[in-house]
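The values are calculated or read from the model by the stated rules, or taken from the named source; none is laboratory data. Please read these numbers as outputs of a predicted model, since none were measured by experiment. A quick note on method: Cβ atoms are made from the backbone with ideal geometry, for glycine too, and the neighbour counts reach across all protein chains shown. SASA here: full protein model, heavy atoms, side chains in, ligands and nucleic acids out. Shrake-Rupley method; radii C 1.70, N 1.55, O 1.52, S 1.80 Å.
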Amino acid sequence: MSVVLKVGGASVAGTADVVRELRTLGHAVCVVHGAGPQISDEMTRRGLEVRFVNGRRVTTPEALEVVRDSFRAVSAAVCAAIGVDALPLAGDVVGLEAEQMPELGLVGRPVPSQPAAVVEALGRGLVPVVSPLARGPLNVNADEAAAALAVGLGAQRIVFLTDVPGVFHEGRLLHSIPAAEAERLVGGGNFDGGIVPKLLAASHAAKSGLRAEIGATAVVA
């Protein structure tokens, strides 16, 4: 079984343990990482506007430089944590595909793809660590990129590693949520912040036949 593990920029610390556990169970693992906090902090330091629309970062050429630098730093940290089997891969170099969203600048909506370098790394027993830039280059939301890559690779499972236990609704941690219900609640404004793109990405993956989990919460078709 192949698993895509999506790691947030604030969740790097726990990556190695999860990867080790999944590989011990016999799974091939591909990691997709974000760098949200790092990018925002560095943009603020450089005096660049930080703005999001529906979970996607508005990305100018100047912001894209920060995005790329931050991805390099987070990729290095993730690879160091995983160890010698980790293989850093820049998404725009290996061929992640996305449709540009010009209203957001250099931003793309990812589409399922199967980059040869990722497939080869998995076949060699390595752990590809993929940064969510697409051809262009275009900045891609890491949650969406992970889901699109999981579908493209034909993975059986996608796991979103976060700094919270799972999805909370009305003060209660949900053990599971149907994809259609998650999309309805998101559309009704019941969630905000970083959980929104995770829920939508997990819903897309679940409806494509994958087992999708956000922490302790299963998103089911």
| query | If you take every DSSP beta bridge whose two residues both sit in the range 91-212, what share of them, in percent to the nearest 5, is antiparallel? | reply | 75 percent
| said: Expected output is a single nm value to one decimal: the length gained when fully extending between Arg184 and Arg124, i.e. 0.36 nm times separation in residues minus the C-alpha distance. What is it? | reply: 17.5 nm
| said: Let me make sure I get this right: for the range 1-127, a, b and c are the square roots of the gyration tensor eigenvalues over alpha carbons, sorted descending. Under 1.5 in a/c it's rounded, otherwise prolate if a/b > b/c, else oblate. Which is it? | reply: prolate
| request: May I ask for the equivalent-ellipsoid semi-axes of the range 115-203, computed as the square root of five times each C-alpha gyration tensor eigenvalue and listed largest first in whole Å? | output: 28, 15, 11
| request: At most 16 other Cβ atoms within 10 Å plus a DSSP loop assignment makes a site exposed; report the longest stretch of the chain without any exposed GluC sites (Glu not before Pro). | output: 50-169
| field | Residues in the range 186-213 that a label on Asp163 would reach, taking backbone N under 18 Å of a point 7 Å out along Cα→Cβ | value | 192-199
| Residue-wise HN-Hα coupling along the range 25-38, computed from phi with Karplus coefficients 6.51, -1.76, 1.60 (Hz; x: Gly, Pro) | 7, x, 8, 7, 10, 10, 9, 10, 10, x, 7, x, x, 5
| message | Given axes a ≥ b ≥ c from the Cα gyration tensor, I'd like to know whether the range 68-115 is rounded (a/c under 1.5), prolate (a/b larger than b/c) or oblate. | response | oblate
| query | Could you state the number of Å between the C-alpha centres of the range 160-221 and the range 65-90? | reply | 26 Å
| What residues have an amide H closer than 5 Å to that of Gly8, excluding those fewer than 5 places away on the same chain, when H is modeled at 1.01 Å from N in the peptide plane? | Gly34, Leu161
| said: I'd like the Karplus ³J(HN,Hα) series for the range 91-102: coefficients 6.51, -1.76, 1.60, θ = phi - 60°, whole numbers in Hz, and an x wherever there's a Gly or Pro. | reply: x, 6, 7, 7, x, 4, 10, 7, 9, 5, 10, x
| query | Just the accessible area per residue of the range 90-221, please: how many Å² with a 1.4 Å probe? | reply | 42 Å²
| task | Keeping the other protein chains in place, figure out the carbon and sulfur percent of the accessible area of the range 137-181, with a 1.4 Å probe. | result | 54 percent
| remark: If one builds a Gaussian network model of the chain from Cα atoms under 10 Å apart, the most fluctuating residue listed among Leu149, Leu126, Leu185 is Leu185
| said: So if I place +1 on the C-beta of Lys and Arg and -1 on the C-beta of Asp and Glu, and nothing else carries charge, what would the dipole magnitude of the range 64-167 be about its Cα centre? I want it in debye, nearest 20. | reply: 240 debye
| Built amide H within the under 5 Å cut-off of Arg109, gap 5+ | Glu99, Gln100, Met101
| What does the convex hull of the Cα atoms come to per residue for the range 113-158, in Å³? | 73 Å³
| ³J(HN,Hα) computed for each position of the range 137-152 - Karplus, 6.51 cos²θ - 1.76 cosθ + 1.60, integer Hz, glycine/proline x | x, 10, 6, 10, 4, 5, 5, 5, 4, 4, 5, 5, 5, 4, 5, x
| field | Entry for Cα extents along the principal axes in Å (calculated from the structure that is shown) out of (1) 59, 41, 31; (2) 82, 43, 37; (3) 44, 43, 29 | value | (3)
